[in-house]
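Right, one structure below, let's go through it.
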Amino acid sequence: MSYDLLLINGALLMTAYLLGSIPTGFLAGYWLQKIDIREYGSGSTGATNVLRVLGAKAAVAVLLIDLLKGAIAVGIVKLGVVQLPNVALSEDWTAWLVVLTALAAVFGHSKSVWLGFSGGKSVATSLGTLLVMTPPVALAGVAVFGMTLAASRMVSLSSLMSAIGINVFMITLNEPLPYIIFAVCAAFYVFWRHRTNIDRILAGTEPKIGQKVSS
């Protein structure tokens, strides 16, 4: 691998991480109510906690921006937005680079350099990466999320079921191996970030939409 190729790959990964690191929920709390949203609700900077603390309009804005962070990070690679003269990426390496940039964006969202490596639970940013990586799987994941939410009114459970569903659809639709590996890694990461939610779900104390999370 040439020096130029190493340089552009490293720059793409750093860009993806920094995009993911943009602390959307934290900024919404500061701009709207001059608060650190990490000190309220579940302590997350994601759209679900923003909904509980700041309301629906702020939550929708945070959700959309978090989606865009992931979509832009992957789109830069998949759509060939960044190119260097005389540097060509093979199809196989492009697929792996798409996955690496997606993982960098997801990690950046939950471990933001601007927030002392804290953040959200990476669900929206993961979905944003998938919308560009493989739209049919992403939309299927949204459908699973919506159906679970309608039945349970629990965002956390819906996120977990969507993560499982995305893996099933990746395999069923015969997506490339790098994409399947991304889905598996992202699902494990989402489950790990939802550890306390899983404990509350099993205990029957997980709050539903409109209820406050217990400390």
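The values are calculated or read from the model by the stated rules, or taken from the named source; none is laboratory data. Every value quoted in this text rests on a predicted model; they were computed, and no experiment measured them. Because the Cβ atoms are built from the backbone with ideal geometry, glycine has one as well, and the counts that use them run over all protein chains shown. Side chains are part of the model used for accessible areas, which takes the heavy atoms of the whole protein and leaves out ligands, DNA and RNA. Shrake-Rupley method; radii C 1.70, N 1.55, O 1.52, S 1.80 Å.
With 22 Å as the limit on Cα-Cα distance, the pairs of K57/K78; K111/K208; K69/K121 that go past it are K57/K78; K111/K208. Short-range pairs are left out: with C-alpha atoms under 8 Å and at least six residues apart, the relative contact order of the chain is 22 percent. Of the listed residues M133, M14, the order by accessible area with a 1.4 Å probe, largest first, is M14, M133. Among the trypsin sites (Lys or Arg not before Pro) in segment 1-79, those placed in a DSSP loop whose Cβ has at most 16 other Cβ atoms within 10 Å are K34.
Scaled to the globular estimate 2.2 N^0.38 Å, the Cα spread of the chain, given as radius of gyration, is 1.03.
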